[in-house]
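Throughout, read-outs are computed from the coordinates displayed, never taken from laboratory work. In this text, all values refer to a predicted model and were calculated from it rather than measured experimentally. Heads up, the Cβs are rebuilt from the backbone with ideal geometry, glycines too, and the neighbour counts pull from every protein chain shown.
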Amino acid sequence: MSLIFLKLLGATAIEDKLQEGVPETIACLTLANIKIWVLTGDKLETAMNIGYSCNMLRDDMNEVFIISGHTMVEVRQELRMAKERIMGPGKDKFSSGLDMEKTELYSSDSVFEETIIAEYALIINGHSLAHALEADLEQILVDVACLCKTVICCRVTPLQKALVVELIKRHKRAVTLAIGDGANDVSMIKTAHIGVGISGQEGMQAVLASDYSFAQFRYLQRLLLVHGRWSYHRMCNFLCYFFYKNFAFTLVHFWYGFLCGFSAQTVYDQWFITLFNIVYTSLPVLAMGLFDQDVNEQYSLRYPNLYRPGQLNQLFNKRKFFTCTLQGVCTSFILFFIPYGAFMSAVRDDGAHISDQQAFAVTIATSLVIVVSAQIGLDTNYWTAVNHFFIWGSLAVYFAILFAMHSDGIFTIFPNQFPFIGTARNSLNQKIVWLVILLTTVVCIMPMVAVRFIKADLYPTHTDKVRLLQQASRRQGPQEQNFRRVRRTSSRRSAYAFAHQQGYGELITSGKNMKVPTASTSTYPLSSPARGNSVVKNSVVSGTTDAAETNSTGFRRESDQNQEVTVEDLEAR
Amino acid sequence: MKNEGEASEQPDNTAFTQQQLPAWQPILSAGIVIPGFLIIGLAFLGIGIGLFLTSQTIQVLEMDYTGVEKDSPCFQCTIQSVQNCTCEVTFSLSALFTGPVFFYYGLSNYFQNFRKYGVSKDYYQLTGDTQYFKSPRDVCFPYSHDSKNNPIVPCGAIANSMFNDTFELYQIINGTKKKVPLDGKGISWWTDFNIKYRNPSSVNGSFASAFDGTVKPINWPKAAYELDLTDPNNNGFLNQDFLVWMRRAALPQFRKLYRRITEGDYAGGLPAGNYSLTVHYNYPVLSFDGRKKLVFSNVSWMGGKNDFLGIAYLVVGSLCVVMSVVMLIVYAKFKFSDDDDA
């Protein structure tokens with residue numbers, strides 16, 4: 001009644017655009033087989049429009065399930081119905097959703113869901129989520145959510161965000177990444193395996209709690225597909241090489257034990273043992289671990305399915321560990337027995353003794369350093385100037401230190417510490433020693449080269465194919481880039497959301513906002529009043545002081561958004 | 001987005017920090033691998049043939065003189081109680097043994113590479129540091145002091161176990177023995193002789209006095225300063241036989257150089273005929289089932305006779321050639337099947 005004598009002064013609107021590049025990033029990450037869920041504090045319409053504007057929801061999707069029941073029974077009913085609609089009415093399976101028709105073959109404890117040919121989306125409201133996260137409903141929630149291409153949770157409290165992340169961590173053997181920009185994303189960022197904070201207008205709380213932070217959402221694509229992938233590749237190569245190198249180095253003593261009465265006589269000089277891992281072989285592998293790139297940046301971004309080997313744990317698993325250990329054992333065998341066979345009756349070309357302990361040590365040590373350097377050379381895909389310097393430099397340093405330690409000067413100062421005097425000069429000037437070293441190197445390295453070549457030829461991985469493409473394009477010179485264009489479905493929907501639903505005025509004035517809305521959440525840890533602020537944000541206001549904050553949740557740009565900054569409110573769809 | 005804070009936090013835009021350093025990105029392609037294998041295979045075949053043929057031209061004569069069997073010439077020396085035993089080993093050469101001929105003694109089942117044996121020496125004594133003559137290092141135990149607690153010079157197990165058989169070679173011409181001169185100079189490494197081992201300086205003009213207050217190693221017949229009284233450069237720690245012995249062998253079967261045959265009538269080698277070798281048998285090896293051998297050999301650029309290396313190179317070379325052919329077949333089949341599918 002009192003409204004008729006008011007004069008309309010004006011209207012305010014807040015526009016909060018999506019950052020640029022968000023839809024492309026999401027499309028790219030989906031191609032990389034990364035499932036993306038949106039957890040936002042916005043209300044349903046806003047969240048749906050966000051979904052449409054960044055292409056997660058499309059008009060041509062088969063069905064969009066909206067779960068917004070208020071009681072446990074309703075939520076259960078809605079979830080079951082969604083599951084039946086997806087899986088087909090005839091198949092009434094209540095299993096964990098793993099024995100479904102598969103379009104791609106995965107093992108039964110695989111992380112990745114069967115791709116159903118049809119596309120579904122699930123939108124679940126915060127108050128329903130509170131029920132669905134209970135112990136008896138969480139399994140079906142996980143099943144339905146993983147069957148859908150897109151999951152959007154709206155009206156989520158910060159704690160619920162963390163709980164959803166934890167749910168996935170527990171039920172699926174997946175690595176989770178949470179990205180957000182506000183203080184209410186902090187608990188989710190901390191719960192996930194990897195937390196990413198977007199530094200920006202929301203302040204620095206998300207950044208301070210995160211493992212990585214950057215300024216724009218689209219950098220996530222680079223973080224995962226370029227840097228994450230490279231890091232995995234480097235780490236796995238590094239590990240394999242380290243096991244191989246140390247087994248090759250150490251097990252020579254095992255073989256020697258049979259011939260020295262098991263007296264723990266070392267094959268090598270004591271100084272060589274000290275310096276091997278520190279000086280002679282540490283820098284090349286460090287350079288490989290820092291600089292190696294199997295596929296360069298542009299191609300990493302262009303082919304997101306190169307991300308798969310990391311997800312499938314293909315580059316370093318038990319089998320790969322066993323393989324590189326076995327390679328180390330075989331190398332140590334060859335490293336010992338070829339010089340053994342040669343030295344059994346060898347003498348110098350002036351007739352003097354060469355099959356003595358010290359010359360034997362120098363021969364095997366030199367062969368070892370050359371073999372492991374050749375191996376790191378084979379493992380390095382990206383030879384920068386630093387790599388060249390470190391590898392050739394390490395070999396040069398080995399010979400320099402060898403001759404220095406076997407020199408006259410240092411012997412006269414410390415006769416007890418450097419008993420190998422004269423060995424390098426007297427043994428490395430013999431052709432037979434170099435022939436032994438050459439033979440050992442070739443026998444150790446060639447099988448590896450042959451195996452790699454045949455494997456790359458007969459069973460090329462994605463990475464191999466992309467590397468060939470990369471090499472071909474480099475040879476042809478710079479060309480026009482044909483970027484894969486993200487198909488944006490032109491939608492009738494605009495990027496604006498208009499709150500046409502009845503607002504919260506009635507809810508506030510009824511006084512119900514002071515207590516927890518539903519009985520079931522009272523069992524939740526959520527409901528302790530100490531947590532008041534974040535708890536009930538999804539549905540009700542917690543106190544008058546916060547009224548302004550939460551009351552305007554429907555209208556204000558929400559700091560609770562998870563995956564993107566959204567454009568909000570203003571226009572009808 | 002904020003602009004003020006960002007500029008200060010932006011990383012450098014250099015090639016190094018942006019991981020865009022210019023780099024060589026090799027791929028193991030067929031054009032490199034298959035010819036590479038072929039070249040290496042052929043090279044190794046060549047080297048292998050060279051090694052094998054060279055090894056075939058080297059002449060080696062080996063004789064075991066331990067005296068285990070009853071009918072061997074040195075059997076009577078194996079009886080423990082006999083001292084200063086001498087035995088005679090005869091052999092004949094059917095063709096000229098081209099010179100220079102090297103004369104080695106070989107031991108088998110003898111673990112000079114045993115660790116405790118190997119550390120049992122005193123480096124300071126052997127560089128002539130008389131301070132350590134009176135107090136040898138503990139690692140030499142139990143060969144550091146004798147039963148009367150006198151210090152031993154040179155101490156340690158390696159020195160103590162020095163090989164002390166001696167040999168004289170005679171050619172039998174018309175029933176008479178003609179001595180073959182054996183040359184013992186320079187049989188050890190020159191760095192050992194010149195730098196690693198040094199004699200203590202003479203005291204009052206007498207070399208023996210430098211060893212006052214010490215005793216010889218338990219198993220030695222003579223003290224260190226009496227090893228070669230004719231040549232002061234071959235006496236004491238610089239004795240060539242001593243140096244050869246101190247250079248520990250790596251494997252349980254080894255040979256060490258004893259003498260060279262380079263002088264006089266035999267400079268060109270040992271002519272065909274009958275020979276007799278007088279062995280002064282002092283060194284007991286039967287207690288640990290060891291064996292003693294004599295080896296005559298000549299050398300080439302690759303050292304002594306060594307069939308293993310030649311055969312290994314031939315095997316690896318042929319494997320490389322075979323592998324390159326196999327890879328060529330695999331590559332061609334794969335390429336053509338790929339073209340067929342495309």
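Got the relative contact order for chain B handy, in percent, Cα pairs under 8 Å and 6 or more residues apart?
After rounding, I find 35 percent.
Over region A:226-473, what is the mean sequence separation of C-alpha contacts under 8 Å (at least six apart), divided by residue count, expressed as relative contact order in percent?
28
Cut-off is 10 Å between beta-carbons; in what order do B:K196, A:K172 appear when sorted fewest neighbours first?
A:K172, B:K196
Determine the shielding of peptide B:253-266 by partner chains: average, over its residues, the number of Cβ atoms on other chains within 10 angstrom of each Cβ.
Mean partner-chain Cβ count within 10 Å for B:253-266: 2.
Using alpha carbon centroids, what distance separates region B:47-88 and region B:154-210, in Å?
That distance is 21 Å.
Using only atoms on other chains, find how many Cβ atoms lie within 10 Å of each Cβ of peptide A:253-261 and report the average.
Counting Cβ atoms of other protein chains within 10 Å of each residue's Cβ and averaging gives 3.
Do any of A:K149/A:K318; A:K83/A:K149; B:K179/B:K256; A:K17/A:K43; B:K116/B:K196 go past 24 Å between their Cα atoms, and which?
As for pairs spanning more than 24 Å Cα to Cα, those are A:K149/A:K318.
Along the three principal axes, how long is region A:226-473 when you take its alpha carbons, biggest first, rounded to the nearest angstrom?
Over region A:226-473, Cα extents along the principal axes are 63, 34, 31 Å.
Take the Cα radius of gyration of region B:279-342 and divide it by 2.2 N^0.38 Å, with N its residue count; two decimals is plenty.
Expressed relative to 2.2 N^0.38 Å, the Cα Rg reads 2.43.
Pairing the Cα long axis of helix B:30-57 with the longest principal axis of chain B, what angle in degrees results, from 0 to 90 and rounded to the nearest 10?
20
Using a/c under 1.5 as the rounded threshold, could you call region A:169-231 rounded, prolate or oblate? The axes a ≥ b ≥ c are square roots of the C-alpha gyration tensor eigenvalues, and prolate needs a/b larger than b/c, oblate otherwise.
Taking the square roots of the gyration eigenvalues as a ≥ b ≥ c, region A:169-231 is oblate.
If packing is taken as the average count of other Cβ atoms within 10 Å, what order do A:42-48, A:454-460 fall into, highest mean first?
The packing order, highest mean first, is A:42-48, A:454-460.
Can you list the equivalent-ellipsoid semi-axes of region A:11-59, largest first and in whole Å, using the square root of 5 times each Cα gyration tensor eigenvalue?
Working through the eigenvalues yields semi-axes of 23, 13, 9 Å.
Kindly put B:K185, B:K216 in sequence by how many other C-beta atoms sit within 10 Å of each C-beta, fewest to most.
B:K185, B:K216
I'd like the orientation of helix B:307-341 relative to chain B: the angle between its Cα long axis and the longest Cα principal axis, in ° from 0 to 90, rounded to 10.
Compared with the principal axis, the helix lies near 10 degrees.
What is the mean number of Cβ atoms from other protein chains located within 10 Å of the Cβ atom of each residue in peptide A:356-362, rounded to a whole number?
5
Considering only C-alpha atoms, what is the centroid distance from region B:268-342 to region A:176-251, in Å?
Rounded to whole Å, the Cα centres lie 54 Å apart.
Binning at 10 angstrom from zero up to the longest distance, how are the C-alpha pair distances of region B:60-179 distributed in percent?
Percent of pairs per bin, in order: 10, 27, 26, 22, 12, 2.
Please list, in order along region A:418-423, the HN-Hα scalar couplings obtained from phi with the Karplus expression 6.51 cos²θ - 1.76 cosθ + 1.60 (θ = phi - 60°), rounded to whole Hz, x for Gly and Pro.
Going residue by residue, I get 10, x, 8, 4, x, 5 Hz, with x marking Gly and Pro.
Could you tell me the convex hull volume per residue, in Å³, taken over the Cα atoms of region A:128-196?
88
Give me the one-decimal nm value for the distance between modelled label points at B:V325 and A:A404, 7 Å along each residue's Cα-to-Cβ direction.
5.0
Would you mind estimating how fast chain B diffuses translationally, via Stokes-Einstein at 37 °C and 0.692 mPa s with the Kirkwood radius over Cα pairs, in µm²/s?
D = 130 µm²/s.
On a C-alpha basis, how far is the centre of region A:307-365 from the centre of region B:12-41 in Å? Whole number, if you could?
Spelled out, the Cα-based centre of one part sits 25 Å from the other.
I need the peptides A:324-337, B:22-35, A:200-213 ranked by packing, meaning the mean over residues of other C-beta atoms within 10 angstrom, with the highest value on top.
The densest-packed peptide leads the list: A:324-337, A:200-213, B:22-35.
With a cap of 12 neighbouring Cβ atoms within 10 Å, and only residues DSSP puts in a loop, list the chymotrypsin sites (Phe, Trp or Tyr not before Pro) found in region B:226-324.
For chymotrypsin sites (Phe, Trp or Tyr not before Pro) across region B:226-324 that sit outside H, G, I, E and B with at most 12 neighbouring Cβ atoms in 10 Å, the list reads B:W301.
In deg cm²/dmol and to the nearest 500, what is the mean residue ellipticity at 222 nm of chain B if only DSSP H runs of at least 4 residues count, each as -39500 (n - 2.57), divided by the residue total?
After summing the helix terms and dividing by residue count, I get -8500 deg cm²/dmol.
Quick one: longest stretch of chain B between exposed loop GluC sites (Glu not before Pro), exposed meaning at most 14 other C-beta atoms within 10 Å and loop per DSSP?
Looking at chain B, B:70-262 is the longest stretch - no exposed GluC sites (Glu not before Pro) with at most 14 other Cβ atoms within 10 Å.
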